[in-house]
1. Would you pick out the residues in the stretch B:114-151 that are more than 10 Å from chain A (Cβ to nearest Cβ) and farther than 26 Å from residue B:27 by Cα?
2. Just need a number here: residues in the stretch A:111-139 that are farther than 18 Å from residue B:64 by Cβ and more than 10 Å from chain B (Cβ to nearest Cβ).
3. Hey, which of the strands (runs of 3 or more DSSP E) in the stretch B:1-75, taking only ones fully inside, have at least 1 residues that are more than 11 Å from chain A (Cβ to nearest Cβ) and surrounded by 13 or more Cβ atoms within 10 Å (Cβ to Cβ)?
4. Starting from residues that are without any contact (Cβ under 8 Å) to a residue 24 or more places away in the chain and either touching an Asp or Glu at 6+ places or on another chain (Cβ under 6 Å) or within 9 Å of chain B (Cβ to nearest Cβ) (or both), keep the ones in the stretch A:74-103 and report whichever is farthest from residue B:63 (Cα to Cα).
5. Restricting attention to the stretch B:125-138, report how many residues are farther than 13 Å from residue B:81 by Cβ and touching a Ser or Thr at 6+ places or on another chain (Cβ under 8 Å).
6. Identify, please: which residue in the stretch A:157-171 is surrounded by 19 or more Cβ atoms within 10 Å (Cβ to Cβ) and under 14 Å from residue A:97 (Cα atoms) and is, among those, farthest from the other protein chains (Cβ to nearest Cβ)?
7. Residue A:71 passes all but one of (1) of a type in the set (Val, Ile, Thr); (2) over 25 Å from residue B:37 (Cβ atoms); (3) buried (at least 17 other Cβ atoms within 10 Å of the Cβ); (4) free of Cβ contacts under 8 Å to residues at least 24 places away in the same chain; which number fails?
Amino acid sequence: MATYTLISSNVLSSATSSVTFSSIPSTYTDLVIRASIRDNVDSNQGAVAMTFNSNTSGYGAKDIYGDGSTVATFSLSSIAYGWAGTITDANLTANSFSSHEIYIPSYALSQNKNYSVYSVVETNSTTAKFLVSGGGIWSNTTAITSITLAINTNPNFASGSSFYLYGISNA
Amino acid sequence: MASTYEKIASTTLNSATASITFSSIPNTYTDLVLVLVPKYVSTTATKLTINSDTTTNYSATWFYGDGSTAGSFRLSNVSPVIINYFNNTSAQSSMNILNFQNYSNTTTYKTYISQNNNAGAGTDAGVFLWRNTNAITSIKLEPGTGNYDTGTIATIYGILKA
């Protein structure tokens, strides 16, 4: 079996509230999501809200970020989604999208699920530039079989946003 | 066409173990990716040794955050160095992703980067330098204190540019 395999992808042709990867096979070791995202609302300052198996409890995260002048950290606990990076807003530089890599190891094992996030917003302006590195946990031992990505402040993903789910095998 | 992302070796521990070593790493790849999902018996972090070099040829710089404090920290001229700034307790789960670029050349010192995430303690990212021009042929992982516990998973992948 190939080691790094595309499981599914979705490139949006119209504004969409959420993207779901369902029926994820348990045959891989780890999962990777790579996404290029923009929202359709000005000054929204939203983030990717990731839920596993449609479950909306048991998520937590710790993240660090820099915006060119300040480095800071934040913590989230007992929230309804996995925080997965700040999104480029509609009012920011045209044709610019935030980039996100989400790594989920051991997604099919019967243990709590860790994940890492590395995301960037860069718009060649002073308005928005974020570099985020962090990680989260879903305190649930159920194997992940579906992943839904939405925006925590409820606007839509803009047309042109793209989402790719890969499986990595160490077999 | 050759696969561009290949597993070189993988270990899943069936009992508590003092260290994990990936040896005889071939020089046929461009970069290496190491994914570690550790379980620790004690509160500790992982130390990484390249090619059994235990001299003070290592240096590191991290930035980190625990939800209330963010900062940066560095070490220079040190012996094999930990790859995660935050310690992990036996009850916390965490993960490390390490990238070794151009690991097999014999003319430059080796730089590698790490991202460590532990939602219970904090998150950190680090850059490391091994001041040696030898190709990397082995990587040893070991807890700073105690053993890795059952269920620890470590996998090393090779990435090809051609």
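Quick note: the coordinates plus some simple rules give every number you see, no bench work behind them. This one's a predicted model, so the numbers in the text were calculated from it and none came from an experiment. All Cβ positions, even for glycine, are placed from backbone atoms using ideal geometry, and neighbour counts span all protein chains on display.
1. Here is the first cut: in the stretch B:114-151, the ones more than 10 Å from chain A (Cβ to nearest Cβ) are B:114, B:126-150.
The answer is B:143, B:144, B:145, B:146, B:147, B:148, B:149, B:150.
2. The total comes to 10.
3. Details: elements: B:5-12, B:20-22, B:31-37, B:46-50, B:58-65.
Because the criterion is at least 1 residues that are more than 11 Å from chain A (Cβ to nearest Cβ) and surrounded by 13 or more Cβ atoms within 10 Å (Cβ to Cβ), the strands (runs of 3 or more DSSP E) in the stretch B:1-75 that meet it are B:20-22, B:31-37, B:46-50, B:58-65.
4. A:77
5. Within the stretch B:125-138, the subset farther than 13 Å from residue B:81 by Cβ is B:125, B:132-138.
When the remaining residues are screened for being touching a Ser or Thr at 6+ places or on another chain (Cβ under 8 Å), the result is B:125, B:133-138.
Residues flagged as farther than 13 Å from residue B:81 by Cβ and touching a Ser or Thr at 6+ places or on another chain (Cβ under 8 Å) within the stretch B:125-138 amount to 7.
6. A:158
7. (3) is the only condition that residue A:71 fails.
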